[in-house]
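Down below is the structure, laid out as C-alpha cells.
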Amino acid sequence: MRLTMTIVALLILWSTQTWSITIYQYSVFINSPDLGLSSFEDTQIDLEFNASNNFATVGLDVTFTNSLNLDDIGNVSWQVVNNSGRDLTDVSFFGFLDADIDESINNFFNESGALVSITGAGASDTAADSWEIDEPGFVFGDIYDNILAGILDNFNAVPAGLKEDVSLALGFDIGTLLSGQSLLASFDISLNNIGGLSHTDSDSNITFYLNGSVALQHVNDIPEPGIFLLFVTGLAGAMMRISPRLYQTP
C-alpha cells in the first residue's frame, strides 16, 4: 500500500513539473580603452567548460554571489574592485546569459526572445543602456563577438517568428571606474515581468525575464600621512584641554 502511494505521489509530482530552466553560461564582461581593444570576461556558471576568466589579469578582483534556486530562478551578483592601480575610463559592462527552457522535454531550437524595456540613460543611472538577443554563436549569431568588441547592436535576431537557440545580453555605460573603486552588478531571472529582456519556450509556454543593474560604489578613502598626523595632533591637544592634570609635572 505504501509503495503504491509513493508511486502515485511521484507520478503527480512529475506531471506537475512541466518546465525547467538550464543555465549554460552566466558571464560578465568589462571593456575600457585603458584595458585594450577587447573586453575581459568573468564566467561563474559554465556547463560547457570553455569560459575565459581573465579579470584578475588586469587587476580586477571579483566576488560572486549566487542566490539562484533549484530552478535557476533568482539573483546573482558580481562585485568588481579596480585594483589595477589606475583609473579606467569609458567603461562598459555587460551581462550575458545563455539558458534553455525544457531542453530535456523539447529542444532548444523552439525558443525566442523579446525586448521588454530598457530604461538606461547613460552613466548617470544604474539601468541597462543597450541589449542584444541572438543565437549564442554555435551556428550563427554575433552576440559574443559584439560583447568582446564592447558594443551591443540593440537587435533581436530570434523573435517569435524565427525560433532558435536564444541568448541574452545587457549592456551598461559606467563612465570612469576609479582606482580602488568597486562596482556591483546584480542580475535577476524571474517568471514575473521585471522588464529587461524575455526568453520564451513556445511548446511549454514558459517565459522568463532577465534584468539587472550596475552601480558604482564609493572608494575606500585612506587619509594622507600628513592629514592623519594633523588629526592625531589635534586629538592630543583636545585631550590635554579636557584633562590637564594628566599632563602636569609633579
Open item on the list: Neighbour counts of other C-beta atoms within 10 Å: give me Leu191, Leu197 arranged from fewest to most.
Closed with: Leu191, Leu197
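First measure r as the distance between the Cβ atoms of Asn83 and Asp203, then evaluate 1/(1 + (r/R0)^6) with R0 = 35 Å and state the FRET efficiency to the nearest 0.05.
Values: r = 47 Å, r/R0 = 1.34.
With a Förster radius of 35 Å, E is 0.15.
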TODO: Could you work out how far the C-alpha centroid of region 107-137 sits from that of region 176-206, in angstrom?
DONE: 9
Open item on the list: Need one number: nm distance between label points at Ala149 and Leu70, each 7 Å from Cα along Cα→Cβ, rounded to one decimal.
Closed with: 4.4
Task: Whole-number Å³ per residue for the convex hull built on Cα positions in region 17-216 - done: 105
TODO: Using the number of other C-beta atoms within 10 angstrom as an exposure proxy, rank Ile101, Ile45 with the fewest first.
DONE: Ile45, Ile101
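In what sequence, highest mean first, do 33-40, 178-185 appear when ranked by Cβ atoms within 10 angstrom? Please list the in-between numbers first.
On the way: 33-40: 14.9, 178-185: 18.1.
Result, highest mean first: 178-185, 33-40.
Just so you know, all these numbers are worked out from the coordinates, no wet-lab data involved. Just so it is clear, the structure is predicted and the values come from calculations on it, not from any experiment. With ideal geometry, Cβ positions are generated from the backbone for all residues, glycine too; neighbour counts draw on all protein chains shown.
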